[in-house]
1. Roughly what would the spin-label model give for GLU31 and SER54, points 7 Å off Cα along C-beta, in nm?
2. Pick out, in residue order, every one of the GluC sites (Glu not before Pro) in the range 7-58 that is DSSP loop and has at most 16 other C-beta atoms within 10 Å; say none if there are none.
3. With θ set to phi - 60°, apply the Karplus curve 6.51 cos²θ - 1.76 cosθ + 1.60 along the range 14-26 and write out the HN-Hα couplings as whole Hz, x wherever there is a Gly or Pro.
4. Could you run the Karplus curve 6.51 cos²θ - 1.76 cosθ + 1.60 with θ = phi - 60° over the range 44-58 and give me ³J(HN,Hα) per residue in whole Hz, x for Gly and Pro?
5. For the range 24-58, state which trypsin sites (Lys or Arg not before Pro) are in a DSSP loop and have at most 14 other beta carbons lying within 10 Å of their beta carbon.
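Derivation of every value follows stated rules applied to the coordinates shown; laboratory data play no part. Predicted, not measured: the structure shown is a model, and the values here were computed from it. Cβ sites come from the backbone with ideal geometry, for glycine too, and all protein chains shown count toward neighbours.
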Amino acid sequence: MMSELCVKTEERVTAEQMRGEVAAMLKVCFEGSVEEVGDVLRLVLPEGQSFDISVRES
């Protein structure tokens, strides 16, 4: 989890790790489903509304 990565500042966080953490947070915070489509996370809320969230390293 990200909390473990934050303690070790010398380790580099990959985009894939960040996407996984963001996906987990979105599921919990919005009680929706999240699927990964490339570097985009698609959040679908219980009411059916959907959002695409891009997670890329800059």
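1. Computed distance between label sites GLU31 and SER54 equals 3.1 nm.
2. GLU10, GLU11, GLU31, GLU47, GLU57
3. 7, 4, 5, 5, 5, 4, x, 5, 5, 4, 4, 5, 4
4. Ordered by residue, 3J(HN,Hα) equals 10, 6, x, 7, x, 5, 10, 9, 9, 10, 8, 10, 9, 6, 10 Hz.
5. Within the range 24-58, the qualifying trypsin sites (Lys or Arg not before Pro) (loop, at most 14 other Cβ atoms within 10 Å) are ARG56.
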